[in-house]
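What follows is one structure encoded as structure tokens, with my remarks underneath.
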Amino acid sequence: MMIVMKEGATQEEISHVVERIEEVGCSAHLSKGELLTVIGAIGDRDRVASLGLEGYDGVDHLVPILKPYKLASAQFRKGERTVVEVDGRRIGGDHFGLIAGPCTIESREQTLETARVVNEHGASMLRGGAYKPRTSPYSFQGLGVEGLRLLQEAKDETGLPIVTELMDVRDTEDVIEVADVIQIGARNMQNYTLLTEVGRTGKAVLLKRGLSSTLDDLLMASEYVLKEGNPNVMLCERGIRTFETAYRFTLDLLAIPALRELTHLPIVVDPSHAPGRRDWVPAMSMAAAAAGADGIIVEVHNDPEHAICDGPQALATTDFGDYADQVRRVAEVAGKLVSV
């Protein structure tokens, strides 16, 4: 249930509605716009209905949210889109962000050299995996804490906020010391215990769509983070499994306009994983920007031919400047303000 407060409703009136919702065992989530405050009542609908909130001081009207995901629903924000801000960089609404960096943190030289280049050419955040989920247990699993230390060094030098993956709740404290945005990978999209813990950290979250997940599955997963009081969630389309074998995954660009109707959350696209080859990455990136994506997260490496992980799909640092200019121009034509 969504409770829309009147324009000019007092804090006392808002607090009273919240208290009554919580008294019947439900949770209340506030969303404050420029003019109106909306309270999302999550829990037993009959209990909320029994309160008779329509007659409370400051309440304008009630709107039932029919989707199973309540806080992620576009209804919850009444047409306003969420903007996630990290150290002054914004993604969502009218703001477009370019997140770039290596798939895996391999060495100090690789990390710092790549960070310097993407920072020079206008990336808004630095991505890099200290912990890596791999299909084979014998493949390189990441540098772990040492990788986090190198990311911190890159952040200290360039000022770029850090986006890095958390795979295991046991690593939460180490990751949140460095990460400005916690990435939840496709294979962990439905790890509900992990999503709940991430929601409690208060850190911004980049949630990747699972390999065989529907958009409803993705939005329900985001609800696990949102229900913990963390509104800073970005959704990421990175390609899904279909019957096609000409490329690694099918990049579902139709997910962008569909999600814009279904949710208020920012939509980021990963153009690297689906094609699996760097020469197709610019086309997919520009297509995503033209379709209305709020950001791109792309793999960049200073020596992709010798990369430990996903080298064939990583852009070379020598090509990143031209790539960033192309994506930026398309995003601006699509009406976005590019955040750097």
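The values are calculated or read from the model by the stated rules, or taken from the named source; none is laboratory data. Predicted model only: the values in this text are computed from it and were never measured. Heads up, the Cβs are rebuilt from the backbone with ideal geometry, glycines too, and the neighbour counts pull from every protein chain shown.
With the requirement that a residue be more than 18 Å from Gly25 (Cα to Cα) and either assigned to a helix (DSSP H, G or I) or in contact with a Cys (Cβ under 9 Å, 6 or more places away or on another chain) (or both), what does the stretch 38-87 give you?
Glu54, Gly55, Ala74, Gln75, Phe76, Arg77
Going by the structure shown, is Val338 outside any helix (DSSP H, G or I) and in contact with a Lys or Arg (Cβ under 6 Å, 6 or more places away or on another chain)?
yes
List every residue pair whose Cβ atoms lie under 6 Å apart, where the two residues are 6 or more positions apart in sequence or sit on different chains, the first residue falls within the stretch 86-111 and is at pLDDT 95 or above and surrounded by fewer than 21 Cβ atoms within 10 Å (Cβ to Cβ), and the second residue, located anywhere, is part of a helix (DSSP H, G or I) and of a type outside the set (Lys, Arg).
Close Cβ pairs satisfying both conditions: Arg108/Leu150.
Can you tell me which condition Ile21 does not meet? The list is (1) modelled with pLDDT under 90; (2) within 32 Å of the chain's Cα centre (by Cα); (3) of a type in the set (A, V, I, L, M), and all the others hold.
The failed condition is (1).
Report, by residue number, each residue of the stretch 15-53 that is within 20 Å of His264 (Cβ to Cβ), touching a residue at least 24 places away in the same chain (Cβ under 8 Å) and buried (at least 18 other Cβ atoms within 10 Å of the Cβ).
Across the stretch 15-53, the qualifying residues are His29, Ser31, Thr37, Val38, Ile39, Gly40, Ala41, Ile42.
Any residue at all in the stretch 214-223 that's buried (at least 17 other Cβ atoms within 10 Å of the Cβ) and part of a loop (DSSP other than H, G, I, E, B)?
Checked the stretch 214-223: no residue is buried (at least 17 other Cβ atoms within 10 Å of the Cβ) and part of a loop (DSSP other than H, G, I, E, B).
So is Leu126 within 18 Å of the chain's Cα centre (by Cα) and not assigned by TED's automatic domain parsing to the domain that holds Gln152 or not?
Judged against the criteria, Leu126 is not a match.
Kindly check whether there is at least one residue in the stretch 144-153 that is touching a Pro at 6+ places or on another chain (Cβ under 9 Å) and either farther than 21 Å from Arg278 by Cα or in the same structural domain as Leu315 (by TED's automatic domain parsing) (or both).
no
Whether any residue in the stretch 54-70 is within 14 Å of the chain's Cα centre (by Cα), among the hydrophobic types (A, V, I, L, M, F, W, C) and surrounded by 18 or more Cβ atoms within 10 Å (Cβ to Cβ) is what I want to check.
Within the stretch 54-70, not a single residue is within 14 Å of the chain's Cα centre (by Cα), among the hydrophobic types (A, V, I, L, M, F, W, C) and surrounded by 18 or more Cβ atoms within 10 Å (Cβ to Cβ).
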